[in-house]
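The values are calculated or read from the model by the stated rules, or taken from the named source; none is laboratory data. Please read all numbers here as calculations on a predicted model, not as lab measurements. Virtual Cβ from ideal backbone geometry, glycine too; neighbours counted across all protein chains shown. Each accessible area value is taken on the protein alone, full model and side chains, heavy atoms only, with ligands, DNA and RNA left out. Shrake-Rupley method; radii C 1.70, N 1.55, O 1.52, S 1.80 Å.
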Amino acid sequence: EETVVKFPKDPEPFLMLGDLAFQDRRVTDADMLFQRATQLTNEYADNAKRKRDFEIRCHAGGAAVAEARKQWDAAQAHLKSWIELDPDNASAHQRMGIVLFQLNKSQEALEQFRDAKKLDQKAVQPELAMARLYDDAKKRDTAKKLIEAAIKEAPKDPAVLLAAAQWYLGQNDLERAKAIAEDALKLDAKSLEGKVVRGAIARVARDYAAAERFFYDAHVQSPGNFPASNSLALVLIE
C-alpha cells in the first residue's frame with residue numbers, strides 16, 4: 001500500500017495485490033487489480049527486463065481469473081501471449097493444455113502437455129494429464145486408455161505407475177491396481193508413497209495383514225506422515 005502511494009506508476013504492487021486477492025478467491029478484486037497492472041505495464045518504460053516480467057505476470061494473472069470463471073477463450077488468449085513471451089515455461093504449457101481440453105481441442109492439449117514434459121522432466125506424464133481431465137469429465141473409458149498409454153510410455157517411472165494404481169483403485173479394479181503398485185515398488189522399494197498406495201489397495205481388498213505391513217513400514221520410514229499413521233491405526237482396528 002505504501003508503494004502504491006510512493007510509486008503510483010509502478011505495476012508491481014498491483015500485481016502482488018492481485019495475486020493475494022486471487023489466493024483469497026476474491027476473483028473480481030484480482031481481475032480489477034490485474035487490469036490496472038496491465039494498464040500501467042503498457043505505459044511502463046523504465047526497465048525492459050522488468051517490463052517483460054510484468055507482461056508475463058499480467059497474462060498469468062489474467063489467465064487465472066479467466067480459468068476461475070471458466071472463460072476458456074479469454075484464458076487461451078492470455079496463455080498464448082504468456083507462452084510467446086516465455087516459451088520455456090512448463091507451467092504455462094500445462095495450463096494451456098487444460099484450457100485447450102476445455103475447448104474440445106484434445107490433440108492440441110496433448111501437445112501442450114508434451115511440450116511441458118520436454119521442458120520439465122518433473123511435469124506430469126502427458127497421457128496421465130489427459131487421463132485426469134477425461135476422468136473429471138466422467139469419460140472413464142477414454143481415461144483408462146490414456147492411463148494404459150501413460151504406463152506404456154513410462155514403464156520405469158514409479159510416479160506414473162503409482163498414479164495409475166491409484167486410478168485403478170478408485171475404479172475398484174483391485175487386481176490391476178495391485179499389479180501396477182507392485183511394479184512401482186520393484187522400481188523403488190523405499191518409496192513412501194508406494195508403500196501407502198500398496199497398503200491402501202490391501203486394505204480395500206480386506207487383506208489386513210498385508211495392509212498392516214505396508215503401512216507399518218511407511219510409518220517407521222516417516223513417523224510424521226499422517227496418511228501412513230492414520231491408515232495403520234484404521235487397519236489395526238480392523
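Things to note:
- With every protein chain in place, the chain: carbon and sulfur % of accessible area (1.4 Å): 51 percent
- For the chain, the longest principal axis of the Cα atoms and the long axis of helix 192-204 meet at an angle of about 60 degrees.
- Put a plus charge on the Cβ of each Lys and Arg, a minus charge on the Cβ of each Asp and Glu, and nothing anywhere else: the dipole of the chain about its Cα centre is then about 460 debye.
- Angle between the chain longest axis and helix 174-187 axis [Cα atoms, degrees, rounded to 10]: 80 degrees
- Net charge over other residues, Cβ less than 15 angstrom from the Cβ of GLU55 (K, R count +1; D, E count -1): 0
- Label zone (ARG69, point 7 Å along Cα-to-C-beta; backbone nitrogen cut-off 11 Å) within region 5-36: 27-32, 35.
- In the context of the full set of protein chains, the chain has a per residue accessible area of 57 Å² (1.4 Å probe).
- Contour minus Cα-Cα distance for ASP120 and ALA233 (0.36 nm per residue): 36.9 nm
- FRET efficiency, SER222 to GLU111 (Cβ-Cβ, R0 35 Å, nearest 0.05): 0.40
- Greater than 19 Å apart at Cα, pairs in LYS122/LYS186; LYS105/LYS152; LYS156/LYS178; LYS117/LYS195; LYS9/LYS51: LYS122/LYS186; LYS105/LYS152; LYS117/LYS195
- The chain: mean projected area of Cα convex hull, nm²: 15.8 nm²
- Simple rule: put +1 on each Lys or Arg Cβ and -1 on each Asp or Glu Cβ in the chain, find the dipole, and look at ALA68, LEU85, ALA210; the Cα lying farthest toward the positive end is ALA210.
- Label point distance in nm, THR28-LYS51, each placed 7 Å from Cα along Cα→Cβ: 3.4 nm
- Rg and Dmax, both from the Cα atoms of region 1-125 and both in Å, are 15.2, 49.
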